[in-house]
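Everything below concerns the one structure shown next.
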Amino acid sequence: MNAISHTLSVAWKEIQLIAKDRGSLAVLFLLPLLFGSLYGNINLQMAGSGDDHSILLNICVVNQDVGIFGETVAEALGGIEELVVETFDTVAEAERCVAEGKATAAIVIPGDFTTKIASYTPTAIEVIVDPAQPESASIVTGIMNHVVTEVTIWGEVQYGIRTILDESDLLADAGPEALRAMEAQNLGVIMTRLNEMRRDPAIVVSSEDLEGANIEGGITLFFALMFPGFTVMFAFFTVGMSAASLLTERDTGTLRRLLAAPIPRGAIIAGKMLAYILLVCLQVLILLGVGNILFDMPLGESPLALILLTLALAFVASAMGMMIAALSSTPKQADSIGSVLGFVLAGIGGCIALTPTPISRAGGFMGILSKLTPHAHAVEGYYSLMAENATFVQVLPEIGILLAMGVVFFLISKWRFRFE
């Protein structure tokens with residue numbers, strides 16, 4: 001009980017010292033938040049997932065059709081936020097606008113557009129592009145193909161209903177108004193059902209791993225690699241800080257007074273480690289919390305595994321700090337070694353997301369080299385939990401490796417550190 005009490009006393013004293021070091025706290029918390037937010041927003045914009053839409057093209061629209069389908073296409077183009085649409089009455093005016101460079105393309109909807117679609121007859125929408133911008137042709141064509149798909153479906157369904165009614169002779173004696181009413185009613189029922197199927201499809205495509213677990217994808221999966229990478233990197237920035245703190249106390253005689261208390265040497269090191277374990281846990285909580293709230297980053301389906309992985313990360317980082325203190329001569333040297341190791345090991349361990357998956361999975365020399373760092377195993381564990389919904393058992397190897405590394409670092413520090 002005395003050992004536990006002494007450990008907690010040393011930890012509380014160290015927490016008070018950490019709280020006064022505002023510069024280091026800014027590096028440990030504000031800097032990763034800044035990097036994470038900037039990097040996250042950049043990737044959101046590149047992925048097209050942000051709330052702001054950039055204007056891709058200025059286009060002119062000439063609708064020569066007086067029917068419903070021509071009007072539908074024109075309204076659909078006007079509703080695309082990436083386009084600035086200007087309407088003209090004649091083709092000549094639209095062509096002049098393109099020729100003067102005011103628009104990248106002109107879209108001409110023919111006068112018989114509705115008639116031909118209703119009769120299921122091939123028709124075409126003309127796209128006039130600026131010769132100086134040939135790449136715009138493919139962009140506008142792709143947009144138009146997407147827009148007219150819905151109109152084509154309506155035309156096909158309408159034509160099918162009319163064909164069935166004509167061939168069945170069920171309404172042979174009905175007048176034109178009754179026929180149109182019957183077509184409109186059936187068309188409305190069918191299209192309503194199609195829209196319901198789009199909202200709640202009978203077949204849903206999902207991504208799963210070989211064991212049936214759902215897998216995130218796209219930008220969400222990238223955030224599950226990016227934010228843990230930044231978190232792990234800055235967690236190890238506490239190494240130099242904790243090592244310098246221990247050596248400073250030795251140089252100022254604080255450790256001598258603690259030993260005279262008397263407090264066991266193991267309790268002093270354990271108390272120091274406990275303070276920095278709590279600091280790293282707070283880092284992880286804040287950084288991953290921000291990633292989840294601001295960028296909808298997944299946290300996985302195993303909270304217990306996430307907690308134990310975080311504790312293992314905090315333990316190995318704090319133990320490494322004690323080891324650096326044991327191998328250094330001065331606080332300045334310890335701080336420098338800790339800072340250099342923080343950057344070097346973060347790069348080798350894949351803390352900066354440059355690949356779609358953790359670098360430890362890359363294979364080859366870099367994949368093998370990365371696995372020699374605790375960073376790679378921490379990033380691998382977080383990625384497996386958050387992006388692939390791994391279970392507690394599946395990340396046990398990563399947790400075990402981190403704990404084993406931490407024990408080795410702690411034993412080296414206890415063996416080599418000189419309290420006086």
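Would you call Arg256 at pLDDT below 90 and touching an Asp or Glu at 6+ places or on another chain (Cβ under 8 Å)? Taking the combined requirement at face value, the residue satisfies it. The residues of region 324-354 that are more than 20 Å from Met273 (Cβ to Cβ), outside any helix (DSSP H, G or I) and not hydrophobic (A, V, I, L, M, F, W, C), listed by number, are Ser329, Thr330, Gly350.
Determine whether Ile307 is in a helix (DSSP H, G or I) and surrounded by 16 or more Cβ atoms within 10 Å (Cβ to Cβ). No. Restricting Ser384, Ser360, Ser413 to residues that are small (Gly, Ala, Ser) and more than 27 Å from the chain's Cα centre (by Cα) narrows the list to Ser413. Hey, among the residues in region 362-420 that are β-branched (Val, Ile, Thr) and either without any contact (Cβ under 8 Å) to a residue 24 or more places away in the chain or within 30 Å of Pro262 (Cα to Cα) (or both), which one's surrounded by the most Cβ atoms within 10 Å (Cβ to Cβ)? The qualifying residue surrounded by the most Cβ atoms within 10 Å (Cβ to Cβ) is Ile412.
Checking Gly300, Gly321 one by one, the residue that is touching a Ser or Thr at 6+ places or on another chain (Cβ under 6 Å) and either open to solvent by less than 10 Å² (accessible area, probe 1.4 Å) or part of a loop (DSSP other than H, G, I, E, B) (or both) is Gly321 and no other.
All conditions but one from (1) over 30 Å from Pro264 (Cα atoms); (2) more than 36 Å from the chain's Cα centre (by Cα); (3) modelled with pLDDT of 85 or more; (4) of a type in the set (A, V, I, L, M) apply to Val85; the one that does not is (2).
The values are calculated or read from the model by the stated rules, or taken from the named source; none is laboratory data. Nothing here was measured: the structure is a model prediction, and the numbers come from that model. Using ideal geometry, Cβ is built from the backbone for each residue, glycine included, and neighbour counts are taken over all protein chains shown. Accessible surface is based on the protein model in full, side chains and every heavy atom, while ligands, DNA and RNA are left aside. Shrake-Rupley method; radii C 1.70, N 1.55, O 1.52, S 1.80 Å.
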